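S.K.: Quick one: structure below, then a few questions.
The values are calculated or read from the model by the stated rules, or taken from the named source; none is laboratory data. As the structure is a prediction and not an experimental result, all values here were calculated from the model. Glycine also receives a Cβ, built like all others from the backbone with ideal geometry; neighbour counts cover every protein chain displayed. Just so you know, the surface numbers come from the protein's heavy atoms only, side chains and all, with ligands and any DNA or RNA stripped out. Shrake-Rupley method; radii C 1.70, N 1.55, O 1.52, S 1.80 Å.
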There are 2 protein chains.
Amino acid sequence: MASTLLSARDLSFMLHEWLDAEALTKRPHYADHSRETLDGALELAERVATDHFAPHNKTNDANEPRFDGERVHVIPEVKRALEVYAETGLNALGLPASVGGGQLPHVVVSACNAWFQAANLGTSAYPFLTLGNARLLLAHGSPEQVDTWVRPMAEGRFSGTMCLSEPQAGSSLADITTRAEEAGDGTYRIFGNKMWISGGDHELAENIVHLVLAKIPGGPPGVKGISLFVVPKYLVGPDGSLGERNDVVPAGLNHKMGYRGTVNALLNFGEGRHSPGGRPGAVGYLVGEPHQGLKYMFHMMNGARIGVGAGAAALGYTGYLKSLAYARERLQGRPLGAKDPARPQVPITEHTDVRRMLLAQKSYAEGALALVLYCSRLVDDTASAEDPQVRERASLLLDVLTPIAKSWPSQWCLEANSLAIQVHGGYGYTREYDVEQHYRDNRLNPVHEGTHGIQALDLLGRKAVQDGGRRLALLLETARATADRARALGGEEAACAEALSAALDRVAQTTAAAWAEGDPETALANATAYLEATGHVVVAWMWLEQLVAAHGREGRFYDGKRAAAAYFFRHELPRTGPQFDLVASGDRTVLDTPADIL
Amino acid sequence: MASTLLSARDLSFMLHEWLDAEALTKRPHYADHSRETLDGALELAERVATDHFAPHNKTNDANEPRFDGERVHVIPEVKRALEVYAETGLNALGLPASVGGGQLPHVVVSACNAWFQAANLGTSAYPFLTLGNARLLLAHGSPEQVDTWVRPMAEGRFSGTMCLSEPQAGSSLADITTRAEEAGDGTYRIFGNKMWISGGDHELAENIVHLVLAKIPGGPPGVKGISLFVVPKYLVGPDGSLGERNDVVPAGLNHKMGYRGTVNALLNFGEGRHSPGGRPGAVGYLVGEPHQGLKYMFHMMNGARIGVGAGAAALGYTGYLKSLAYARERLQGRPLGAKDPARPQVPITEHTDVRRMLLAQKSYAEGALALVLYCSRLVDDTASAEDPQVRERASLLLDVLTPIAKSWPSQWCLEANSLAIQVHGGYGYTREYDVEQHYRDNRLNPVHEGTHGIQALDLLGRKAVQDGGRRLALLLETARATADRARALGGEEAACAEALSAALDRVAQTTAAAWAEGDPETALANATAYLEATGHVVVAWMWLEQLVAAHGREGRFYDGKRAAAAYFFRHELPRTGPQFDLVASGDRTVLDTPADIL
């Protein structure tokens, strides 16, 4: 029976028939890999996710982590699952061989990860945060830091976090007050409070490696004075042995609507519970140069943003498959015009509106997955393409796509999960079925790692216009090339190509219109509408890419792709018209509404 | 400090400055009332909802009803709240004086109820179901049934339910199999299983009056063979005293994502646990004529559908007010172009995108509340207008508005609650704040009392076209009259009038285009898009009504109304264009997609 987590068939289509992941194995960086090793990793991921992660997804949700004032308790299934994950090497697939990793192409790692996100978002968050942490240190840490912290993470012994937010500084990182005082021995002592720390404390690993943003006193104000530190839960000796407890302690856990399987903690640094070496403060190790912390953190953050989109896509996908399976089994009512009650009831897939809800989910989930895999493929190009021009283009394209890859799946795969509930009727609203949890879990995604509104400012305020708008121009040019290929195929593909070309023109025109006066306040007054409309155009492009890849192929799988693409082009893309109109008109309704009349 | 449940100021505006509720007191039916008694009821409702319902809303959610195999346990706060509710006469405000009720205009009762829906949807569901049950029996029951069942409900001693669904018959009521066998003494014996029964069992009242759909063997097949029965939990003697336990027992409870405060049960009728008089089956009393049960039930159902819309609106409203209060207090970041980190942080209402989310919520919540109050005002006209033509027009208008009054608030006030979370950032996703519960509670509304898709078929397949389309024509004519009044005022009102007129034309054209071929399958292929677009047009009309009522009035309250109206007309109404295009084009994408390629 086919999995209801993800579709292995679709992943194979996206990786091999569309994105040509195998071509990456011809690059020196991935020379140890072949089609077989890539597929082997995917099969392993499906198996471990299915057997060790999916079974405790509900248990995780119903028994969230608990803090007894001293220790954080997590259900034992999580630790067992993470042990299997590490034993099979899955945790290090995306790390380089130099630290014992699998050095697998990023696009394949993302596809593997999607199995775990679909199976159990809560449990999989621990290793994914660890992976992001390790990658940051590989990029910006010293060789010694890599040895001390990254190797044990690659072995699955240490866990990693990112500590940015504080009670008074969430979206506004300029306002963090955690301070890092020089200890005189090359290390720092950290004092402050961090919140919303996923994986912030637990006993799932031997140690926890916190990456902490803090300010060194005397540095520049605002974001220019932020530095990055490694602050471990336990100090580590030169031989790698665990030493003293560091002065970082949980102050409490957040109790969330969803995503309950992942510990989310408030952490106090240097409050005096533990004082390594008898001196106050949590021991911290500076990463890279002082005052460059935010830049380094964005290395991890950009990956995390695409990871958020991937998680949203995976939840959308599994909700789709589960509601499809339900709809095929559930008998209810009769078709329009054949209401004779003596006739047997039909599967609800016979009702047009149920098929609408399934097609919509398919178009959102597969569109979102395509987008995040496309972005992951770009990550591979930035890292391993031999031609520096290809690397640069990939990097620019990734820059402009990141806010969309984060926000679009977060918005539309949440909507997919809502439709999955709706297909199930009352059953979908009960905790007996899975889809209500997916919906609750997915609701976090428009909030964390930069809110929806922050992504909008990032896209229209920065990525679309910086360096003379070359990133957006490159995006439009790349998508137009897809349209050209589709146009040459004729038929439905050509019709979609026309629609996409017109929409791409609107993106360009609307961007120019928004910035016509050059004033950021006016330009960004309707930034969210711009983000959402541009996101829809980008996903239409992803659907056209898939249509082209499926061209001339026969069978139900390809027919399904064509149906979902048709749905997206006819039912979804037209939604963007009024949004572009609004942005282009420079509408000031919101801008000019003072808060005191609300 | 102003309430964060609802706005008393806005209710006063809607009832008095717009809908002229006081005029109803001139009708003989409401002659005992005056502006003072109407306002007194509203103030009482606000006070009791605030003091006795709101405080245990979270407790209710965190401690859902529990079934021990014998009895259903509900937290004690619920019973205490319902006692106060009955002691103050709130439970009978909407019942006629003939049974001891307050005989208050329906529109005022709806406004009172909204306080309770905003304060605690779970607890308030019990008396609201009871009210609907009592009204059905008043309309269709015998005088004896009114005495036996309605009077104790009016006194707050008995509780009421509606029992429609069965495991194999949810949306498809033609397929119910619960049977009612004549007992030979004028009563019936009921056998069968019902599910999704809100308030299905508990000890909050002395007795529970179930209204049960069942089939009398030998009757016509399908919906034409459905009869309606009163099936009490305890039999009642001629003197009103409680007698034997009837054979209706809970088989289990549903555990829901939200709306957890309301018991939701599977009920078994006549399974043999109790056998009144030593004979098998649950004792049932036929209501009205045999085989007319579905028609009677729709008496309750239509009221319940508007009640669902009202509950959704109330949740949207309180989420709006809570996120507004949060946004005014929460300091974060600095305005665009003034990012100097040395300057203090500003309230997040200074960020344009936060104001967008607040304005959107305001436009959805106040638009939805306006719609359900408008419908409630029509209920008053159907019941008490002296001119039979006014009564008939009100009845026709109510018919066509009901699917919109149910579905539009369910869709958009859920979206409002999502925005309320978003305004709160990470805090909104935690159970420490209220808005995540509102979001979970509200997600039921597109499902129960006829799903979103069922409302779409009801609107485009029935209400818009039956009797030559006279209901829809009346709706359009009534809305055009509003546009005419607004046009005469000039300025922004006139501009909105133009936009509304154009949108009303599109409703008419699209309806005709959908039915051009006269074939239901084709006509209804995109019925949901039609419902959603028409809903948006209707709510735009409600906003224009409010604009006209606010015309020439000065002050922050009226400026707020104008800002929200402007937002709705500029940001929301244009969304309907592509939806009307889709329906009018007769798009067959979904219709022609076979289920097996999904």
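S.K.: List the lysines whose Cα lies under 17 Å from the Cα of A:LYS463, skipping any in the same chain that are fewer than 8 positions away.
M.R.: Qualifying lysines at Cα under 17 Å: A:LYS295, A:LYS406.
S.K.: Ranked highest first by the average count of other Cβ atoms within 10 Å around their residues, in what order do A:56-68, B:334-346 fall?
M.R.: Numbers: A:56-68: 17.7, B:334-346: 12.8.
So the peptides A:56-68, B:334-346, ranked by packing, come out A:56-68, B:334-346.
S.K.: Could I ask something else about it? Quickly work out the A:ALA488-to-B:ALA97 label distance, labels modelled 7 Å from Cα along the C-beta direction, and quote it in nm with one decimal.
M.R.: Taking the two extended label points, one gets 8.5 nm.
S.K.: How compact is the range A:430-473 by the rule of thumb for globular proteins, expressed as Cα Rg over 2.2 N^0.38 Å? Mind dumping the intermediate values first?
M.R.: Working: Rg = 16.7 Å, N = 44, 2.2 N^0.38 = 9.3 Å.
Rg over 2.2 N^0.38 Å, computed on Cα atoms: 1.80.
S.K.: Please check the range A:551-590 for residues whose accessible area, probe 1.4 Å, is lower by 40 Å² or more when all protein chains are in place than in their chain alone.
M.R.: Buried by 40 Å² or more upon assembly, which counts only protein chains, are A:ARG556, A:ARG570, A:HIS571, A:PRO578, A:LEU582, A:THR589, A:VAL590.
S.K.: Related question: Could you check what % of the DSSP bridge pairs in chain A are antiparallel, to the nearest 5? Can you show the working numbers first?
M.R.: Values: 32 of 39 bridges.
The antiparallel fraction comes to roughly 80 percent.
S.K.: Using just the helices of chain A, give the 222 nm mean residue ellipticity in deg cm²/dmol: DSSP H runs with n ≥ 4 each add -39,500 (n - 2.57), and the total is spread over all residues, rounded to 500. Display every interim value, and only then the final one.
M.R.: Values: 18 runs with 294 residues, N = 598.
So the helix-based figure for chain A works out to -16500 deg cm²/dmol.
S.K.: Which whole-percent values make up P(r) of the range B:158-215 when all C-alpha to C-alpha distances are grouped in 5 Å steps starting at zero?
M.R.: Binned Cα distances yield the sequence 4, 19, 23, 21, 18, 12, 2.
S.K.: Using the 7 Å Cα-to-Cβ label point, sort the distances from A:ALA383 to its equivalents in the other copies shortest first and give them in nm to one decimal.
M.R.: Here A:ALA383 shows inter-copy label distances of 6.7 nm.
S.K.: Could you give, in nm with one decimal, how far B:GLU329 is from each other copy of that position, shortest first, with labels 7 Å out from Cα toward Cβ?
M.R.: Between copies, matching label points for B:GLU329 lie 4.7 nm apart.
S.K.: I'd like the distance between the alpha-carbon centres of the range B:103-161 and the range B:246-307, rounded to an integer number of Å.
M.R.: Rounded to whole Å, the Cα centres lie 16 Å apart.
S.K.: Within straight cross-link reach of A:LYS58, meaning Cα distance under 25 Å, which lysines are found once same-chain residues fewer than 8 apart are removed?
M.R.: Qualifying lysines at Cα under 25 Å: A:LYS79, A:LYS256, A:LYS322, A:LYS362, B:LYS58, B:LYS256.
S.K.: Still on this structure: Highest first, please rank the peptides B:311-324, B:467-480, A:435-448 by the mean number of other Cβ atoms sitting within 10 Å of their residues.
M.R.: Working: B:311-324: 29.7, B:467-480: 17.4, A:435-448: 25.7.
For the peptides B:311-324, B:467-480, A:435-448, the packing ranking is B:311-324, A:435-448, B:467-480.
S.K.: Turning to a different aspect of this structure: At a 1.4 Å probe radius, carbon and sulfur cover how many percent of the accessible area of the protein assembly as shown? Don't skip to the end; give the middle numbers.
M.R.: Working: 20550 of 40750 Å².
Ligands and nucleic acids excluded, carbon and sulfur give 50 percent.
S.K.: Also, quick follow-up: If you count, for each residue, the other Cβ atoms within 10 Å and average over each peptide, how do A:18-28, B:282-292, A:100-110 line up from highest to lowest?
M.R.: My ranking of the peptides, most packed first, is A:100-110, B:282-292, A:18-28.
S.K.: On to the next question. By a straight-distance test (C-alpha under 15 Å), which aspartates and glutamates pair with B:LYS233 as possible cross-link partners, with residues fewer than eight away in the same chain excluded?
M.R.: Within the straight-line cut-off, B:LYS233 pairs with B:GLU70, B:ASP201, B:GLU203, B:GLU206, B:GLU244, B:ASP247, B:GLU271.
S.K.: Counting heavy atoms of the protein chains only and a 1.4 Å probe, report the per residue accessible area for chain B as a whole number of Å². Before the final figure, lay out the partial values.
M.R.: Values: 20350 Å² over 598 residues.
That works out to 34 Å² for each residue.
S.K.: Please report the Cα spread of the range B:296-584 along all three principal axes, rounded to whole Å, starting with the longest.
M.R.: 69, 43, 40
S.K.: In addition: What is the calculated FRET efficiency for A:SER585 to B:ALA516, with r their C-beta to C-beta distance and R₀ = 41 Å, to the nearest 0.05?
M.R.: On the way: r = 33 Å, r/R0 = 0.82.
Rounded to the nearest 0.05, the efficiency is 0.75.
S.K.: What base-10 log of the normalised intensity I(q)/I(0) is obtained for the range A:454-591 from the Debye formula, alpha carbons as equal point scatterers, at q = 0.10, 0.19, 0.21 Å⁻¹?
M.R.: Summing over Cα pairs of the range A:454-591 leads to -0.35, -1.01, -1.16.
S.K.: Taking just the alpha-carbon atoms of the range A:105-168, what radius of gyration and Dmax come out, in angstrom?
M.R.: For the range A:105-168, the Cα-based Rg and Dmax read 13.2, 39 Å.
S.K.: Same structure again: Over all residues in B:421-431, what is the mean tally of Cβ atoms on other chains that come within 10 Å of each residue's Cβ? Before the final figure, lay out the partial values.
M.R.: On the way: counts 5, 6, 2, 1, 8, 12, 6, 3, 14, 7, 5.
Across the residues of B:421-431, the mean count of other-chain Cβ atoms within 10 Å is 6.
S.K.: So the label point sits 7 Å from Cα along the Cα-to-Cβ vector; using that for B:ALA495, what distances do you get to the other copies, in nanometres, sorted shortest first?
M.R.: B:ALA495 label point versus its equivalents elsewhere: 3.8 nm.
S.K.: Also, quick follow-up: Across peptide B:359-370, how many C-beta atoms of other chains are within 10 Å of each residue C-beta, on average?
M.R.: Values: counts 5, 1, 1, 3, 0, 0, 0, 0, 0, 0, 0, 0.
Whole-number average of other-chain Cβ neighbours for B:359-370 is 1.
S.K.: Averaged across the residues of A:436-449, what count of C-beta atoms belonging to other chains lies within 10 Å of each residue's C-beta? Display every interim value, and only then the final one.
M.R.: On the way: counts 6, 1, 0, 4, 7, 0, 0, 8, 3, 0, 4, 8, 3, 0.
Mean partner-chain Cβ count within 10 Å for A:436-449: 3.
S.K.: Next question. Please list, in order along the range B:199-206, the HN-Hα scalar couplings obtained from phi with the Karplus expression 6.51 cos²θ - 1.76 cosθ + 1.60 (θ = phi - 60°), rounded to whole Hz, x for Gly and Pro.
M.R.: x, x, 7, 4, 10, 7, 9, 5
S.K.: In square nanometres, what is the average projected area of the Cα convex hull of chain B? Provide the component values of the computation, followed by the final result.
M.R.: Details: hull surface 117.8 nm².
Directional mean of the projected Cα hull area for chain B stands at 29.4 nm².
S.K.: Put a dot 7 Å past each Cα toward the Cβ at A:ARG575 and B:GLU206; how far apart are the dots in nm?
M.R.: For the pair B:GLU206/A:ARG575, the computed spacing is 5.3 nm.
S.K.: Given the C-alpha atoms of the range B:27-143, compute the convex hull and give its volume per residue in Å³. Walk me through the numbers before you get to the answer.
M.R.: On the way: hull volume 13.4 nm³, N = 117.
That works out to 115 Å³ per residue.
S.K.: In addition: If amide H atoms are built 1.01 Å from N in the plane of the peptide, which residues on other chains or at least 5 residues away come under 5 Å of the amide H of A:GLU166?
M.R.: Under 5 Å from the amide H of A:GLU166: A:MET195.
S.K.: Okay, moving on. Based on the alpha carbons, how large is the Rg to Rh ratio for the protein assembly as shown when Rh follows Kirkwood? Kindly include the intermediate steps, with their values, before the conclusion.
M.R.: Values: Rg = 30.6 Å, Rh = 31.5 Å.
Ratio of gyration radius to Kirkwood radius for the protein assembly as shown: 0.97.
S.K.: A follow-up question, please. Using the alpha-carbon atoms, what tilt in degrees (0 to 90, nearest 10) does helix B:293-329 show relative to the longest principal axis of chain B?
M.R.: Once rounded, one gets 40 degrees.
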